[in-house]
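Beneath this line is the structure, given in structure tokens, with notes to follow.
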Amino acid sequence: MSNNKQTEEKSEKVMTKYDRKMEKRRIEEEKERKAQKRLKIGSIVIIAAIAAAIVISIGLSAYGKYSALHNPYIKIGDHDVTRVEYDYYYNNSVNSYISMYGSFLSYMGLDTSSDFSKQQYTDNMTWKDYFDQMTVSQITQVKALVDDAAAQGFTYDTAEDMSAFDTELAAQAESESLSQAEAYTSLYGQYATAERIRPFAEENMLATAYFEHLTEINKPGDEEVQEYYEANKNNYDKVDYRSFPFRGNVAEDASEEDIAKVMDELKVKAEAMEKAVKAGEDFEALCVENAIDDQKDLYGGDDKEGSLIEGGSYSAAPAAISDWLFDEARKEGDTTILPDETNHNYYVVEFIKRSNDEQTTNSSISSTLANQKAGEYMNGLTEKYEVTDVAGDMKYLTIPETSTESTESAGETGEEAGDGTAAESTPEAAETESE
């Protein structure tokens, strides 16, 4: 019995070559099944991850849209300003600025095709910061004016303005081969639609109308206008005169002695021409006689007006001669010579007359003073409105005020173009500025 059992166990342990081959195949197939199972599980995980990413992306996009439409992006006083409203004013600000300064933007260091946040406006402020600052200022003006209009019982029907707004936008869309929907997003931001933008546009129009009302009720009287004119005559009067510059040829590395010698030589020539003019010789003919070869064509034409300036302003006249021309002691026929040390020229100048268009001047002064008073009133209103950076994107708020000094003049120019009012951001105002 014992021997039979041992014989059976021994026979069970003996495997043929075929058996070993089949066992190897079985093991390999088992490995393959496990590998396929792992691959299948991995694929399911990857697909699930991709699906999750898509869902997350859609969710984030939906949340971003919801947030832009409903959540406060900034807060001005008690007013919550959504991202879609902010974008409306921001794009208006940028488009108006570009329209106003188009040909000068490259000199100002702004590339409109590149990210504004990566271009420096000052050492510490980017162009994005500057436009954000401008935008917040305009929204603050609108909110302050609209609130005050309500407090003062001022109302305004925006129907006519909105009709013009719609007509202008449709025309712009057609000229750029855009649908209306594309035009809105192009002009006012990715979430802009006609329905969403309308209340902002209407509020802006109300603010503009109220500011115009403030200028109307702040028009100065005749005495105030006359007083202002007397103190600022040079800004409004015009002069007719003739002038001719004797131009010096001075090397960049010229010494003061060399420059003085050139100026002395020019003075002699200028004195000779002045003497001839006073003796009755024709001013224009003397210009032709004394002009260098490549400038002779500028003088002596059929109208003999190469040297004549009519209706010249103080600011447009060469700095070397403007004070003399606008001296109230000037009378017709006065002639003199004046040095231009900066540009190494010597001018011969003949005064003809000084004039003023009283109606145009009074209208301009009245408008200036009324806008100043309305602007001061509006500034008093806006001082009460605190700006809260809810989304944390208004980086300019953390920049010291001194950092903007180097470009302060450019900013002031932009504000003055719109008289510092909310009208600056309306399509109508942008069109006026571009003209």
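The values are calculated or read from the model by the stated rules, or taken from the named source; none is laboratory data. Predicted model only: the values in this text are computed from it and were never measured. Backbone-built Cβ (ideal geometry, glycine too); neighbour counts: all protein chains shown. Side chains included, ligands, DNA and RNA excluded: accessible areas come from the protein's heavy atoms. Shrake-Rupley method; radii C 1.70, N 1.55, O 1.52, S 1.80 Å.
Okay, residues lined up against (1) touching a Lys or Arg at 6+ places or on another chain (Cβ under 9 Å); (2) among the acidic types (Asp, Glu):
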{"site": "LEU298", "(1), (2)": "no, no"}
{"site": "ASP303", "(1), (2)": "no, yes"}
{"site": "THR342", "(1), (2)": "no, no"}
{"site": "VAL348", "(1), (2)": "yes, no"}
{"site": "ARG354", "(1), (2)": "yes, no"}
{"site": "ASN362", "(1), (2)": "no, no"}
{"site": "ASN371", "(1), (2)": "no, no"}
{"site": "GLU376", "(1), (2)": "no, yes"}
Looking at (1) over 17 Å from LYS384 (Cα atoms); (2) among the acidic types (Asp, Glu); (3) more than 20 Å from the chain's Cα centre (by Cα); (4) not in a loop (DSSP other than H, G, I, E, B), can you tell me which one ASP148 breaks?
(1)
Can you spot a residue in the stretch 126-139 that is aliphatic (A, V, I, L, M), under 20 Å from TYR210 (Cα atoms) and open to solvent by less than 10 Å² (accessible area, probe 1.4 Å)?
yes
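Kindly check whether there is at least one residue in the stretch 354-364 that is open to solvent by less than 40 Å² (accessible area, probe 1.4 Å), over 30 Å from GLU265 (Cβ atoms) and under 35 Å from the mean Cα position of the chain (by Cα).
Of all residues in the stretch 354-364, those open to solvent by less than 40 Å² (accessible area, probe 1.4 Å) come to 361.
In the following step, the residues that additionally are over 30 Å from GLU265 (Cβ atoms) were identified as 361.
Still in the running and under 35 Å from the mean Cα position of the chain (by Cα): 361.
Yes, the conditions are met somewhere in the stretch 354-364.
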Filter result for GLU431 (at pLDDT below 95 and surrounded by fewer than 18 Cβ atoms within 10 Å (Cβ to Cβ)):
yes
For helices (runs of 4 or more DSSP H) lying entirely in the stretch 189-301, having 2 or more residues that are over 30 Å from LEU169 (Cα atoms) and touching a residue at least 40 places away in the same chain (Cβ under 8 Å) picks out 222-231, 256-278, 283-290
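Here is a yes/no grid of residues against (1) outside any helix (DSSP H, G or I); (2) closer than 21 Å to ASP389 by Cβ:
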position: SER96; (1), (2): no, no
position: TYR107; (1), (2): yes, no
position: LEU110; (1), (2): yes, no
position: SER114; (1), (2): yes, no
position: THR122; (1), (2): yes, yes
position: ASP132; (1), (2): no, yes
position: ILE139; (1), (2): no, yes
Some residue of the stretch 381-392 being at pLDDT 95 or above, among the hydrophobic types (A, V, I, L, M, F, W, C), within 22 Å of GLN152 (Cβ to Cβ) and surrounded by 14 or more Cβ atoms within 10 Å (Cβ to Cβ)
yes
Look through GLU160, GLU176, GLU168 and report the one residue that is within 23 Å of the chain's Cα centre (by Cα) and open to solvent by 60 Å² or more (accessible area, probe 1.4 Å).
GLU176
Residue, nearest to ILE352 (Cα to Cα), within the stretch 274-328, restricted to residues that are open to solvent by 40 Å² or more (accessible area, probe 1.4 Å) and polar (S, T, N, Q):
SER315
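Does ASP293 satisfy being of a type in the set (Asp, Glu), at pLDDT below 95 and closer than 24 Å to VAL250 by Cβ? So that I can check it myself, show each step before the final result.
Numbers: of a type in the set (Asp, Glu): yes; at pLDDT below 95: yes; closer than 24 Å to VAL250 by Cβ: yes.
Considered against the rule, which asks whether it is of a type in the set (Asp, Glu), at pLDDT below 95 and closer than 24 Å to VAL250 by Cβ, ASP293 comes out as yes.
Might you check whether a residue that is in a loop (DSSP other than H, G, I, E, B) and either touching a Cys at 6+ places or on another chain (Cβ under 8 Å) or touching a residue at least 24 places away in the same chain (Cβ under 8 Å) (or both) occurs anywhere in the stretch 363-384? So that I can check it myself, show each step before the final result.
Going residue by residue through the stretch 363-384, those that are in a loop (DSSP other than H, G, I, E, B) are 383-384.
The next check asks that each one be either touching a Cys at 6+ places or on another chain (Cβ under 8 Å) or touching a residue at least 24 places away in the same chain (Cβ under 8 Å) (or both); those that pass are 384.
Looking through the stretch 363-384, at least one residue is in a loop (DSSP other than H, G, I, E, B) and either touching a Cys at 6+ places or on another chain (Cβ under 8 Å) or touching a residue at least 24 places away in the same chain (Cβ under 8 Å) (or both).
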